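One structure is given here, and the rest of the page talks about it.
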Amino acid sequence: MDTVRTEQVEDGIVTVTLDRPDRLNAMNHELVADLHAVLDELSTDRDCRVIVLTGAGRGFCAGLDLQGAGEPPHAEGVGAAPARMTSQQHIAGLVPRLRSLRQPVIAAVNGPAAGGGLALALASDVRIAAPSATFNVAFVRIGLSGCDIGVSYLLPRLIGASAAFEMLLTGRLVDAEEAQRMGLVARVVPDEAQLLDAALDTARQIRANSPFGLWMTKEVMWSNLEVSSLQAAIDLENRTQILTTFTDDQGEAVQAWLEKRAPEYRYG
C-alpha cells in the first residue's frame, strides 16, 4: 500500500498507519481504497486481536484533501450526481467498516483529526490523544453540512447532543484537554512521544481477554447505542452472554483462574 502501512508490533496487535504525512494524512481516494483493503484483510486475520489506528508525521487525518481527492473506484463514465454519490459512499463506508470489525480499534490521535479524520476517530472503539491532538467538524467550514460520514450519529452519542450541536455548527477546534473533559477521548498522554506506547498498553489490556468475548462486547455495545429501550438492550445482552458460555474460551478462563495462571485463548 502506498498510503497505508500495517505492522504487527506485538503478538495479536497490529498498527495501521495513514501514510501521507506531507498532507497531514488527508484523504484522497487512493488512501480510502487502501484503508478499505487493509481493514478487509485484517477482518479475517485471527492472529490480529487489536488494531491501533494512527497517522504518520504531525497529523492523524486532516479530512478530505482539498487539493484533489482523485477519482473514486467505479465512477468512470457516469454523470455528475452518480459520480459524486459514488465518491461519498466510498469515503463514508469506512465508518461502518470500522464498526463491523471483530477486533477492537484504538485511535491514537496525533495532531489534527478534522472532518473525515474526526469520523475515523469517532468510529474507533477507544480514542487516546497526544497533547497536539485537535478535533473539529471541518465540513461546515467549507460551505457544506456539518453532518457527514456518520459524525452526526456518532458525536452526540459520545459527548451528548448539546456539545455535539456546538461542534457541528461552529466547526471550531477542540484541543486534547477539552476533548478529554467532554468524553471525546479516553485520555491524553503527557508527551507526544508516549502516544503509541499508551495505545499499545491499552491494546495489551484488551488482548488479555478472549477474542470471542471482545467481539461480542464490541458488537453489543455498538448495537445497544441504537436500540430504543432498556429491555431491548438487556434482551440482546442476555442472548449474547449465554452464547459466550458455550465457548472453549470461557472454560479456559475459569480453568486458568483456578490454576492461578494466564489464560490461553483461541477462537473456540
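The values are calculated or read from the model by the stated rules, or taken from the named source; none is laboratory data. Values in this document were obtained by computation on a predicted structure and should not be read as measured data. Heads up, the Cβs are rebuilt from the backbone with ideal geometry, glycines too, and the neighbour counts pull from every protein chain shown.
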Exactly one of (1) of a type outside the set (Lys, Arg); (2) over 24 Å from residue 261 (Cα atoms); (3) touching a residue at least 12 places away in the same chain (Cβ under 8 Å) is unmet by residue 193. Its number? (3)
Leading residue by the ranking (farthest from the chain's Cα centre (by Cα)) among those in the stretch 33-82 that are surrounded by fewer than 19 Cβ atoms within 10 Å (Cβ to Cβ), more than 23 Å from residue 102 (Cβ to Cβ) and of a type in the set (Asp, Glu): 76
Checked pairs for the stretch 158-181, first farther than 17 Å from residue 107 by Cβ, second at pLDDT below 95 and aliphatic (A, V, I, L, M), C-beta under 7 Å and 6 or more apart or across chains, list as 168/140; 169/140; 171/138; 171/140
Are there helices (runs of 4 or more DSSP H) fully within the stretch 192-268 with at least 1 residues that are farther than 25 Å from residue 14 by Cβ? List them. 211-224, 230-244, 248-259
If I ask for residues that are within 15 Å of residue 56 (Cα to Cα) and at pLDDT 95 or above, which ones from the stretch 1-13 would you list? 3, 4, 5, 6, 7
Any chance residue 155 is in contact (Cβ under 8 Å) with a residue 40 or more places away in the chain and part of a helix (DSSP H, G or I): no
Selection within the stretch 187-206 - in contact with a helix residue (DSSP H, G or I) (Cβ under 8 Å, 6 or more places away or on another chain) and surrounded by fewer than 16 Cβ atoms within 10 Å (Cβ to Cβ): 187
Can we say residue 210 is among the hydroxyl-bearing types (Ser, Thr, Tyr) and surrounded by fewer than 16 Cβ atoms within 10 Å (Cβ to Cβ)? no
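One line per residue, one yes/no per condition, for (1) within 11 Å of residue 94 (Cβ to Cβ); (2) in contact with a helix residue (DSSP H, G or I) (Cβ under 6 Å, 6 or more places away or on another chain); (3) of a type outside the set (Gly, Ala, Ser):
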{"residue": "9", "(1), (2), (3)": "no, no, yes"}
{"residue": "12", "(1), (2), (3)": "no, yes, no"}
{"residue": "23", "(1), (2), (3)": "no, no, yes"}
{"residue": "37", "(1), (2), (3)": "no, no, no"}
Counting only residues that are of a type in the set (Asp, Glu) and in a loop (DSSP other than H, G, I, E, B), which one in the stretch 41-68 is modelled with the highest pLDDT? 45
Scanning the stretch 27-50 for residues that are without any contact (Cβ under 8 Å) to a residue 60 or more places away in the chain and among the aliphatic types (A, V, I, L, M) gives 31, 33, 35, 37, 38
Identify, from the list 99, 127, the residue that is surrounded by fewer than 22 Cβ atoms within 10 Å (Cβ to Cβ) and either touching an Asp or Glu at 6+ places or on another chain (Cβ under 8 Å) or of a type in the set (Lys, Arg) (or both). 99
From the list 39, 64, pick out the single residue that is touching a strand residue (DSSP E or B) at 6+ places or on another chain (Cβ under 6 Å) and closer than 29 Å to residue 128 by Cβ. 64
Return the residues of the stretch 69-85 that are touching an Asp or Glu at 6+ places or on another chain (Cβ under 9 Å) and not in a loop (DSSP other than H, G, I, E, B); say none if nothing qualifies. 83
On the basis of being of a type in the set (Asp, Glu) and assigned by TED's automatic domain parsing to the domain that holds residue 10, does residue 248 make the cut? no
